[in-house]
Amino acid sequence: MQRSRIAVAGASGLIGAALVRSLAADGHEVVRLVRRPPRGREEVRWDPEGGRVDAAGLAGCDAVVNLAGAGVGDHRWTDAYKARIRSSRVHGTTALAEAIAGLEHRPRVFVSGSAMGYYGETGERAVDEGAPPGNGFLPRLCVEWEAAAAPAREAGVRTVFPRTGLVVARGGGAWGRLFPLFEAGLGGRMGDGRQYWSYISLHDEVAAIRHLLDTDGLSGPFNLTAPVPLTNREITAAMGRVLRRPTLFTVPAPVLRAVLGELSGDVLGSARVLPKRLLESGFTFAFPDIEGALRAA
């Protein structure tokens, strides 16, 4: 992509911060969406849960990337926190999509975040982008989240939905909590360990988003997961090998349910998600296997 002006919502998060660093390193002008008063032309005020954004600040942007949303794993899923998870994604995406649609000169592309939670529990069944949504809170959320981008798509803006898997990184997300446990020798499988975890290295996550930004003609959902999902048991063994630590501990399913509540379903559930469209589009993974992804982190 030639030097561009790109707006990023969620720029302070794990993926957003890495994306901003990557774009800035290549000379792109990055506009961050912030909740406080802007401190310059590189910031735009918005209130995602309130569904408000300063549309004038998006004028002149070649692309908009929306990675904002309250952390799914940050708190126990009370009714109030589930409402916050939903509003931060659905209302924020609606506000951005409507602002984009209302611009005289619209961006070329809107990359609007989603998640592999779209598919819900898949067991041992492998799914790609052609699979229907699953059942439960996360699938319903992802359907609403993606639908909220409709104003931009209907206005003719190329709209892409990266359905992101579990991001392997030290700085946040699920692995941000796993690394310290395993390094202390306290790591182990969760439940029976047979559930599939579809993961992606942070490096490949950022590279894939940039691929979706740069490649004309790509629209709709793309699974951002490594080519070969693994079971929790296999990932646990790989963590032990890479970190050279024992993996003797097991967290029983009843304990996880007691501690995490409804969120435990996301840990114990099986999601065997394949990046079919991403591979077909010509994307090449730098870290397609779990040991490479772990070492990169």
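The values are calculated or read from the model by the stated rules, or taken from the named source; none is laboratory data. These numbers come from a predicted model, not from an experiment. All Cβ positions, even for glycine, are placed from backbone atoms using ideal geometry, and neighbour counts span all protein chains on display. When the accessible area is computed, the model is the full protein with side chains, heavy atoms only, and any ligands, DNA or RNA have been set aside. Shrake-Rupley method; radii C 1.70, N 1.55, O 1.52, S 1.80 Å.
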Select from the range 242-281 the residues that are basic (Lys, Arg) and at pLDDT 95 or above and write down the one among them that is nearest to Trp197 (Cα to Cα). Arg272
May I ask you to verify whether Asp47 is among the acidic types (Asp, Glu), touching a Gly at 6+ places or on another chain (Cβ under 9 Å) and more than 30 Å from Val228 (Cα to Cα)? yes
Has the range 6-16 got at least one residue that is part of a strand (DSSP E or B) and within 19 Å of Ala147 (Cβ to Cβ)? yes
Being over 14 Å from Ala155 (Cβ atoms), out of contact with any helix residue (DSSP H, G or I) (no Cβ under 8 Å at 6 or more places or on another chain) and either open to solvent by 10 Å² or more (accessible area, probe 1.4 Å) or of a type outside the set (A, V, I, L, M) (or both) is the filter here, so list the residues in the range 84-117 that pass it. Arg84, Ser87, Ser88, His91, Gly92, Met116
How about the range 118-134: which of its residues are in a loop (DSSP other than H, G, I, E, B) and surrounded by 15 or more Cβ atoms within 10 Å (Cβ to Cβ)? Gly120, Glu121, Thr122, Asp128, Glu129, Ala131, Pro133, Gly134
The listed residue being buried (at least 17 other Cβ atoms within 10 Å of the Cβ), farther than 16 Å from Ala149 by Cβ and either in contact with a Lys or Arg (Cβ under 7 Å, 6 or more places away or on another chain) or modelled with pLDDT of 90 or more (or both), out of Leu33, Leu19, Leu67: Leu19
Residues of the range 154-168 satisfying the condition of being open to solvent by 20 Å² or more (accessible area, probe 1.4 Å), over 30 Å from Leu243 (Cβ atoms) and not basic (Lys, Arg): Glu154, Ala155, Gly156
How do the pairs read when you match residues in the range 269-284 that are at positive phi and open to solvent by 20 Å² or more (accessible area, probe 1.4 Å) with residues anywhere that are part of a helix (DSSP H, G or I) and of a type outside the set (Asp, Glu), using Cβ under 6 Å and keeping only pairs 6 or more apart or on different chains? none
Within the range 135-153, work out how many residues are of a type outside the set (Lys, Arg), open to solvent by 20 Å² or more (accessible area, probe 1.4 Å) and either more than 17 Å from Val65 (Cα to Cα) or free of Cβ contacts under 8 Å to residues at least 24 places away in the same chain (or both). 7
Number of the condition not met by Val64 [criteria: (1) out of contact with any Cys (no Cβ under 8 Å at 6 or more places or on another chain); (2) more than 14 Å from Ala97 (Cα to Cα); (3) not in a loop (DSSP other than H, G, I, E, B)]: (2)
Pick from the range 5-16, criterion over 12 Å from the mean Cα position of the chain (by Cα) and open to solvent by 10 Å² or more (accessible area, probe 1.4 Å), ranking: farthest from Gly173 (Cα to Cα): Arg5
